[in-house]
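Chemist: Submitted below is the structure of interest, expressed as structure tokens.
The values are calculated or read from the model by the stated rules, or taken from the named source; none is laboratory data. These numbers were taken from a predicted model, which means no experiment stands behind them. All Cβ positions, glycine included, derive from the backbone under ideal geometry; neighbour counts span all protein chains shown. When the accessible area is computed, the model is the full protein with side chains, heavy atoms only, and any ligands, DNA or RNA have been set aside. Shrake-Rupley method; radii C 1.70, N 1.55, O 1.52, S 1.80 Å.
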Amino acid sequence: MGGVGEPGGGPAQLGATLPTFRWEQIRPHNLPGDKWLVIERRVYDISRWAQRHPGGSRLIGHHGAEDATDAFHAFHQDLNFVRKFLQPLLIGELAPEEPSQDGPQNAQLIEDFRALRQAVEDMKLFEAKPTFFAFLLGHILAMEMLAWLIVYLLGPGWVPSTLAALILAVSQAQSWCLQHDLGHTSIFRKSRWNHVAQQFVMGQLKGFSAHWWNFRHFQHHAKPNIFHKDPDVTVAPVFLLGESSVEYGKKKRRYLPYNHQHLYFFLIGPPLLTLVNFEVENLAYMLVCMQWMDLLWAASFYARFLFSYIPFYGVPGALFLFVAVRVLESHWFVWITQMNHIPKEIGHEKHRDWASSQLAATCNVEPSVFLDWFSGHLNFQIEHHLFPTMPRHNYRRVAPLVKALCAKHGLSYEVKPFLTALVDIIGSLKKSGNMWLEAYLHQ
């Protein structure tokens, strides 16, 4: 082994003895233009390469100066292929006396989780069933056609229009789920096929950018419920969640009546997330990042939708139908995706190991045939977060193994009834609002 390395020594030469680093040397390299990370005890300087990272510089940057081994395994299918990109970035390795993780982490838990992942791979639970996902795509297309046929055969009255809007909203919700599977590369063996199929589903069937979704969603998976790293909980000053409640209270910040946020949530949360926030954020991303292919795919969705319904409703009526569908699907999106996260721990970076960080931010909802379908298997949020590339039809099989791991290490494996999970969203918002009010009045 070489001596202790000096920061900024440059990429290691192939075949040369690698310099070694201590964690105290690695910790300072977590700045915007200076990022190191550790994977399998090897130290990489990603400072310049981060901008070229397919998942975005923010995603990989969130693991700066950390052991990113489990995240590396969680996000990538073909590890040998990805390692080819890492090799030129290699600058050294951890000194022999250094632990594999920095800070007070549970080494036995990390070892057991990695053994569990290997067992899951041996059980072939990362292999998808083509017929399962073919059925999902088929039933989405069938619902799109059924909605149009209802209006075509029964006319644009209120009853057929309402029925068509409901069917289209369910179709849009299921399209969210399918593109989510593709974004996590959990359907096809080749990443490229997943990405192309995701562009079709997200663009042509939904009118959104696949790159925009992956940009924000992968950050959520990397650091769930962590402020400024998970976009899903970085929602202040509109809503205050977790630790931000007390912080805003102590600083006397009152942009909205946060002690009533559990009430105004019903007005601006579920109804408007997809219709307003996602539409604006998505369009801005495509324009700023010059994702022209995504823009064309999104335009094809709007062209198809308007071409299909303007003959029945005219332009104003077709636009009203579009808004109605977006509002309905927005309700589904907010309640289904947040029932597993909002009631859990939300705060600043704690630098936990992969398994602990995912378990602290997620819970499950009791499974059923209907809920598995309706939620896109997101009721198995724990399993999904631990193994994001796993096809969702295998969550039921891996769940007992995850539960056993949690029991061994005294970790919470929380499973709630569906209605309880929904009510807990409101309860969590109310609790955060009260925490803000108490800090606001007593500091």
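Chemist: Counting alpha carbon pairs within less than 8 Å and at least 6 residues apart, what relative contact order, in whole percent, applies to region 20-103?
Modeler: It rounds to 40 percent for region 20-103.
Chemist: Another question, then. Order 173-186, 370-383, 255-268, 346-359 from most to least packed using the mean count of other Cβ atoms within 10 Å.
Modeler: 173-186, 370-383, 346-359, 255-268
Chemist: Okay, next question. List the GluC sites (Glu not before Pro) in region 25-112 that DSSP assigns to loop (not H, G, I, E or B) and whose Cβ has at most 14 other Cβ atoms within 10 Å. Which are they?
Modeler: Counting only loop positions with at most 14 other Cβ atoms within 10 Å, the GluC sites (Glu not before Pro) in region 25-112 are GLU97.
Chemist: For the chain, give the percent of accessible area contributed by carbon and sulfur heavy atoms, probe 1.4 Å, rounded to a whole number.
Modeler: Carbon-and-sulfur percentage of accessible area, whole number: 65.
Chemist: How large is the accessible surface per residue of region 198-339, computed with a 1.4 Å probe and reported in Å² as a whole number?
Modeler: On a per-residue basis, 43 Å².
Chemist: Using a 7 Å offset from the Cα along the Cα-to-Cβ direction at both LEU283 and PHE200, what is the distance between the two label points in nm, to one decimal?
Modeler: 2.8
Chemist: Let me ask something else about it. Kyte-Doolittle cut-off 1.6, length cut-off 30 Å along the helix's own axis using Cα: show which whole DSSP H helices in the chain pass.
Modeler: What comes out of the filter, once short or polar helices are dropped, is 130-154.
Chemist: Identify all lysines with a Cα-Cα distance to LYS416 below 25 Å; exclude those on the same chain that are fewer than 8 residues away in sequence.
Modeler: Those lysines meeting the cut-off are LYS223, LYS344, LYS403, LYS408, LYS430, LYS431.
Chemist: When the helix-only estimate is applied to the chain (DSSP H runs of n ≥ 4, each -39,500 (n - 2.57), divided by the residue count), what is the mean residue ellipticity at 222 nm, nearest 500 deg cm²/dmol?
Modeler: -18000 deg cm²/dmol
Chemist: Write down the percent of antiparallel bridges among all DSSP beta bridges whose residues are both part of region 20-103, to the nearest 5.
Modeler: Approximately 75 percent, going by the DSSP bridge assignments.
Chemist: If you filter region 49-128 for trypsin sites (Lys or Arg not before Pro), then keep DSSP loop positions with at most 10 other Cβ within 10 Å, what is left?
Modeler: Sites meeting the loop and neighbour criteria: LYS124.
Chemist: Any idea which of VAL238, ALA318, TRP193 is furthest toward the positive side of the dipole for region 193-325, if Lys and Arg beta-carbons carry +1 and Asp and Glu beta-carbons -1?
Modeler: Farthest along the dipole direction, towards plus: VAL238.
Chemist: With +1 assigned to the C-beta of every Lys and Arg and -1 to the C-beta of every Asp and Glu, and no other charges, what is the dipole magnitude of the chain about the Cα centre in debye, to the nearest 20?
Modeler: 580
Chemist: Dipole size in debye (nearest 20) for region 20-103 around its Cα centre, Lys and Arg Cβ +1, Asp and Glu Cβ -1?
Modeler: That gives a dipole near 420 debye.
Chemist: State to the nearest 20 debye the size of the charge dipole of region 317-443 about its Cα centre, where the only charges are +1 on K and R beta carbons and -1 on D and E beta carbons.
Modeler: Result for region 317-443 is approximately 200 debye, rounded to the nearest 20.
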